[in-house]
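These notes are about the structure you will find just below.
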Amino acid sequence: MKEPLIGGRQEWHQDYGYWYQNGLLFPDALSVFVAIDRCNKANGCLQVLPGSHKVGRIEHKSVAGQTGADLERVEHLKKVFPLTYMEMEPGDALFFHSNVLHASDANNSSNRRWALIMAYNRKSNNPLESLAPPFPRYTPLEKVPNSAILDCTNLTDFSGKEFLDPTADKTVKADTSNRSEQATKA
């Protein structure tokens, strides 16, 4: 979620670059980026290097407080794979392999840039618990009728639900210095 004039930059990375650190043995996963708002260069649209998944996993390390790809290698790969700005309309979706290099710039426009990003992993590719205790494991989806959303009466109880805590994720350096201030604003 990139708010106008403040949404930050996402450094170059492969999703598998940090999923590997979370215990996934294979890059048998993909991400889906769905634009909620118009995405363009001005508001920090996604940038990808199409075909970069063919190079395999690149070493990732801490880059600007994020887990990012080796920037020297990324610069060399930009000479081989064309930098593509994924300008999208609301509702557009981009499906990409977990080894595709991607990034996004800060939102320097007066328009917000919100998106949903879903990650999918093969059932057979469960993360190793010894490497990634907080990372979710395979859970079968239970198909429900379309009416289930309208019939739902439990709108506030999250007991029994798991959420990824950025302070427990070793691939993210979460800033907890103003967490109570953020909670007050919410």
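Each pair of Cα atoms in segment 33-141 enters the Kirkwood radius, and Stokes-Einstein at 20 °C and 1.002 mPa s then converts it into a translational diffusion coefficient of 135 µm²/s. Bridgeable aspartates and glutamates around K161 (alpha carbons under 20 Å apart, same-chain partners fewer than 8 residues away excluded): E129, E142, D151, D169.
Summarising the label geometry, the points placed 7 Å from Cα in the beta-carbon direction at K61 and I36 lie 3.5 nm from one another. Can you classify segment 106-157 as rounded, prolate or oblate using the Cα gyration tensor, where a ≥ b ≥ c are the square roots of its eigenvalues, rounded means a/c under 1.5, and otherwise it's prolate if a/b beats b/c and oblate if not? In terms of gyration-tensor shape, oblate. Label positions at K54 and L25, each projected 7 Å from the Cα along the C-beta direction, are separated by 2.8 nm. Averaging 1/r over every pair of different alpha carbons in segment 1-79 and inverting the result gives a Kirkwood radius of 14.1 Å.
Given their separation in residues at 0.36 nm each and the Cα-Cα distance between them, F158 and Y85 gain 22.5 nm when the chain is fully extended.
For segment 25-148, with all protein chains in place and a probe radius of 1.4 Å, 56% of the accessible heavy-atom surface sits on carbon or sulfur. Legend: distances between Cα atoms for K2/K79; K54/K123; K41/K78; K54/K78; pairs beyond 20 Å are K2/K79; K54/K123.
The values are calculated or read from the model by the stated rules, or taken from the named source; none is laboratory data. Being a predicted model, the structure only gives us computed values, none of them experimental. Here Cβ is always computed from backbone atoms with ideal geometry, including for glycine, and neighbour counts include all displayed protein chains. We work out accessible area using only protein heavy atoms, side chains counted, and drop any ligands, DNA or RNA first. Shrake-Rupley method; radii C 1.70, N 1.55, O 1.52, S 1.80 Å.
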